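Report on one structure; see the data block that follows.
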Amino acid sequence: MKSVFATVLIFAFGVSYADEIATCRAPSGHTYYHAKGNIPKDKAGWQSDGISNGVFSLVQVADGNFDVLYIDARKKPISAVQDGAVVRLIRASATNLTVFVFYREAMTEIYSFFSERDGGNKFTVLQNRSGDGAFIEKSSLLVGQCDPIKFELVR
């Protein structure tokens, strides 16, 4: 059964058919703030970071392409693809998969979804924001919990 979150996002974006592969929540970890742009030198460096109310879903649409759906800080639903990103599957197996998300305006992300030995499901998001289009330049690695991941649906 699809989660309510993913179902609402899928319908909100007019996707006629999509398989929810994973829905994950509340990633936390660390961010390195670059000493440039809007970050003063004394505020640059490593800091704990996280998105306590963050929810992310990986979906595969009817044509076989992928999208990452999420709620942003303004509590607005966002589709990475509709926001201008290119989303590509890098690798997939029976217990893990990784997608690359590329935004032309200064951001790249790598999402990895995986099952752990104890049966738990997690995801990591490695994010880099830098260059002319980045308001705050940073590099992050966050990890969060997932509902059961449906690796078998990846086609």
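The values are calculated or read from the model by the stated rules, or taken from the named source; none is laboratory data. Since this is a predicted model, take the numbers as computed values, not measurements. All Cβ positions, glycine included, derive from the backbone under ideal geometry; neighbour counts span all protein chains shown. All accessible areas refer to the heavy atoms of the entire protein, side chains included, with ligands and DNA or RNA removed. Shrake-Rupley method; radii C 1.70, N 1.55, O 1.52, S 1.80 Å.
Hey, any idea what % of segment 109-155's accessible area is carbon plus sulfur with a 1.4 Å probe?
Accessible surface attributable to carbon and sulfur in segment 109-155 totals 54 percent.
When the expected Rg is taken as 2.2 N^0.38 Å, what fraction or multiple of it is the alpha-carbon Rg of the chain? Spell out each step's value before the answer.
Details: Rg = 15.7 Å, N = 155, 2.2 N^0.38 = 15.0 Å.
My calculation over the Cα atoms of the chain gives 1.05.
Once you have the Cα-Cα distance between LYS36 and GLU152, take 0.36 nm times their residue separation minus that, and quote the gain in nm to one decimal.
So the chain would gain 37.4 nm between LYS36 and GLU152.
Going by accessible area, probe 1.4 Å, with all protein chains left in place, what is the ranking of LEU97, LEU141, largest first?
From most accessible down to least: LEU141, LEU97.
I'd like to check one number: the per residue accessible area of the chain, probe 1.4 Å, reported in Å² as a whole number.
Counting only protein heavy atoms, the per-residue value for the chain is 56 Å².
In the chain, with Lys and Arg counted as +1 and Asp and Glu as -1 at Cβ, which of these residues, GLY45, VAL143, VAL59, has the Cα nearest the positive end of the dipole, that is, farthest along it?
In the chain, that residue is GLY45.
Helix-derived [θ] at 222 nm for the chain: sum -39500 (n - 2.57) over DSSP H runs of at least 4, divide by residue count, nearest 500?
-1500 deg cm²/dmol
Positive end of the charge dipole of the chain (Lys, Arg +1 and Asp, Glu -1 on Cβ, about the Cα centre): tell me which of SER115, LEU89, LEU126 has its Cα farthest that way.
Of SER115, LEU89, LEU126, it is LEU126.
Straight-line reach from LYS138: which lysines fall under 16 Å, measuring Cα to Cα and dropping same-chain residues less than 8 apart?
LYS36, LYS41, LYS43
Using DSSP to call loops (not H, G, I, E or B), can you name the trypsin sites (Lys or Arg not before Pro) in segment 40-80 whose Cβ has at most 10 other Cβ atoms within 10 angstrom?
Of the trypsin sites (Lys or Arg not before Pro), the ones in loops of segment 40-80 whose Cβ has at most 10 other Cβ atoms within 10 Å are ARG74, LYS75.
Counting only C-alpha contacts under 8 Å and six or more residues apart, can you give the relative contact order of segment 48-98 as a whole percent?
So the answer I get is 22 percent.
Magnitude of the Cβ-charge dipole of the chain, K/R +1 and D/E -1, about the Cα centre, nearest 20 debye?
That gives the chain a dipole magnitude of about 240 debye.
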